[in-house]
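For reference, the structure discussed in these notes is given below.
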Amino acid sequence: MNLAVDDFVYDPFGKEEMRNPLPFYEILREHHPVYYIEAYDTFVLSRFQDVWDFLTVGDNAFVTNEGSVINRADLLKHNDGATSDPPTAPFLGTHLAFGAPVYEQVRQAHTRQLRPGSVRKLEPFVRSLVRGRLDQLLPKGRFDLVHEFGGIISVSTICHLFHIPADQAGELLDTINAVTATDEEGHGFARDPRLQKKMLEFIRPLVAARREDGPDGSWNLVDGMIDLRVEGRELSDLEIAANLTCVLVGGTETLPKVIGHGLWELARDPEQLAEVRDNLEVNAAAAVEEMLRYCGPAQWFGRTARVEVEVAGRVVEPGQRVIYLAQAANRDPREFHDADRFIWNREIPRTLAFGRGQHFCVGVHLARLEARVIVEEFLSAVAEYEIDATEAVRSPSSFQWGYSHLPVVITGVAE
Ligand code: HEM
């Protein structure tokens with residue numbers, strides 16, 4: 001690896017970068033805050049403030065009609081000017097690929113249940129889920145913190161929201177993990193149509209049944225989509241399912257990796273762990289914020305310019321892409337003191353952990369609730385634990401650099 005400043009090269013899909021992107025981020029932030037990759041016709045942002053400003057650019061100047069995670073093969077194809085949104089008919093694919101107003105209409109239609117008031121009501125459910133899972137797992141003495149613990153909790157919460165039977169949670173989790181797995185080289189999502197179809201089939205029949213029963217607005221996630229009209233047209237069951245899979249995936253994928261890694265950071269530092277335990281009910285929420293900053297698995301998200309626009313002093317032409325390096329920004333020393341250290345109670349006045357602007361995470365409140373309850377309950381039930389680092393696994397991916405498996409060994413349960 002040559003990280004010398006003069007002949008520095010960064011490629012999010014490079015082998016060294018995927019093994020450990022952090023040294024690259026340091027150089028990017030210091031010496032190439034707006035780094036242009038000619039092969040992908042893409043600008044790369046790494047400083048917190050630049051990302052913050054970039055994500056506030058509105059008016060459809062940037063769109064995600066190429067996806068917010070773009071495969072390498074697609075990046076290699078350069079656009080000749082602005083890209084257009086996909087058609088809204090005869091089939092409306094995911095709204096994430098549209099600019100305003102379609103994107104906003106669909107987002108508004110189904111996200112009421114994810115607002116703070118509705119999410120607060122889920123706390124007793126989530127808490128009993130976490131306790132039940134710990135009752136099952138702790139007697140084993142060793143289990144996978146990411147898949148068996150956090151993964152099952154997040155997918156079971158999603159099943160609850162979607163009225164998917166609880167006994168399908170494991171199968172749904174495996175399906176989502178397979179759908180979001182990258183190809184062998186980590187150059188992009190494998191996009192196997194059979195798996196996509198399988199994922200849609202967890203939702204589609206439930207939408208059909210609800211339509212039959214008559215939506216009354218009490219199940220906003222689905223009712224809102226049945227009532228929605230896009231350009232005067234109601235959506236089919238399959239279109240609704242296709243537009244809701246982002247909640248299925250977003251709600252399942254990230255949280256377990258953040259929490260698994262975060263609990264590992266605490267296990268590594270007994271002093272910090274003791275401080276968090278000292279007043280768990282209060283401290284868990286703060287520790288979670290630092291986990292979100294320090295342990296976020298998603299490395300980058302992209303946008304495609306629709307018009308000429310200036311970003312961090314550089315002119316971006318229509319059709320060119322900008323990607324923001326979320327974890328480079330999260331460790332920017334201009335924003336965070338001692339940024340490369342996990343400090344459970346650090347000041348975090350601004351966060352990019354859930355993105356910002358138009359595509360701000362719809363699950364932010366649910367994610368914070370689940371994470372806090374998991375940390376509280378895990379640390380209440382477990383007196384001592386360690387992570388078996390020899391079997392910690394990060395799957396190869398340019399986009400994700402998070403742990404997909406983290407075996408925890410329980411060395412003491414609470415009295
Ligand atoms: C620790 C957990 C989570 C983290 C760190 C996280 C982070 C993020 C980030 C950074 C984005 C913005 C991506 C971009 O800029 O393109 C995002 C979008 C999204 N998240 Fe989350 N998320 C989490 C949990 C959840 C949960 C629990 C749900 C659903 C219940 C969810 C659903 C979504 C959806 C649907 C989007 C796409 C929004 C859009 O493009 O309009 N996420 N998330």
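The values are calculated or read from the model by the stated rules, or taken from the named source; none is laboratory data. Remember, predicted model here, so these are calculated numbers, not experimental data. All Cβ positions, glycine included, derive from the backbone under ideal geometry; neighbour counts span all protein chains shown.
Looking only at residues in the stretch 296-354 that are over 30 Å from Q272 (Cα atoms) and charged (D, E, K, R), the one that is surrounded by the fewest Cβ atoms within 10 Å (Cβ to Cβ) is E310. Take the conditions crowded, with 18+ Cβ neighbours inside 10 Å and in a helix (DSSP H, G or I) and apply them to L379. Does it pass? Yes: the conditions hold for L379.
Here L206 clears all of (1) of a type outside the set (D, E); (2) surrounded by fewer than 18 Cβ atoms within 10 Å (Cβ to Cβ); (3) touching a His at 6+ places or on another chain (Cβ under 8 Å) except the condition numbered (2). Within the set E253, E265, the sole residue that is within 16 Å of the ligand (Cβ to nearest atom), at pLDDT below 95 and under 24 Å from A367 (Cα atoms) turns out to be E253.
Residues in the stretch 37-77 that are over 20 Å from the mean Cα position of the chain (by Cα), under 15 Å from W300 (Cα atoms) and in contact (Cβ under 8 Å) with a residue 40 or more places away in the chain: 5 in all. Listed conditions (1) out of contact with any Leu (no Cβ under 9 Å at 6 or more places or on another chain); (2) surrounded by fewer than 23 Cβ atoms within 10 Å (Cβ to Cβ); (3) of a type in the set (A, V, I, L, M, F, W, C) are all met by L292, apart from (2). Each residue in the stretch 290-308 was checked for being among the β-branched types (V, I, T) and either within 8 Å of the ligand (Cβ to nearest atom) or assigned to a loop (DSSP other than H, G, I, E, B) (or both), and 1 of them qualify.
Taking the conditions exactly as written (crowded, with 17+ Cβ neighbours inside 10 Å, within 16 Å of the ligand (Cβ to nearest atom) and in a helix (DSSP H, G or I)), does L75 satisfy them or not? Taking the combined requirement at face value, the residue satisfies it.
Restricted to the stretch 175-198, and to residues that are of a type in the set (D, E) and more than 22 Å from L238 (Cβ to Cβ), which residue is nearest to the chain's Cα centre (by Cα)? Going through the qualifying residues, I end up with D183. Applying the set (1) under 30 Å from D144 (Cβ atoms); (2) out of contact with any Leu (no Cβ under 6 Å at 6 or more places or on another chain); (3) β-branched (V, I, T); (4) buried (at least 18 other Cβ atoms within 10 Å of the Cβ) to I226 leaves exactly one unmet item: (1). Can we say A267 is of a type outside the set (D, E, K, R), more than 27 Å from the chain's Cα centre (by Cα), assigned to a helix (DSSP H, G or I) and under 30 Å from F378 (Cα atoms)? Answer is no for this residue. Selection within the stretch 84-103: residues that are away from the ligand (no atom under 16 Å from the Cβ) and of a type in the set (S, T, Y). The member of this set that is surrounded by the fewest Cβ atoms within 10 Å (Cβ to Cβ) is S84.
Can you tell me which residues in the stretch 180-195 are outside any loop (DSSP other than H, G, I, E, B) and surrounded by 15 or more Cβ atoms within 10 Å (Cβ to Cβ)? Answer for the stretch 180-195, where residues must be outside any loop (DSSP other than H, G, I, E, B) and surrounded by 15 or more Cβ atoms within 10 Å (Cβ to Cβ): T182, F189, L195.
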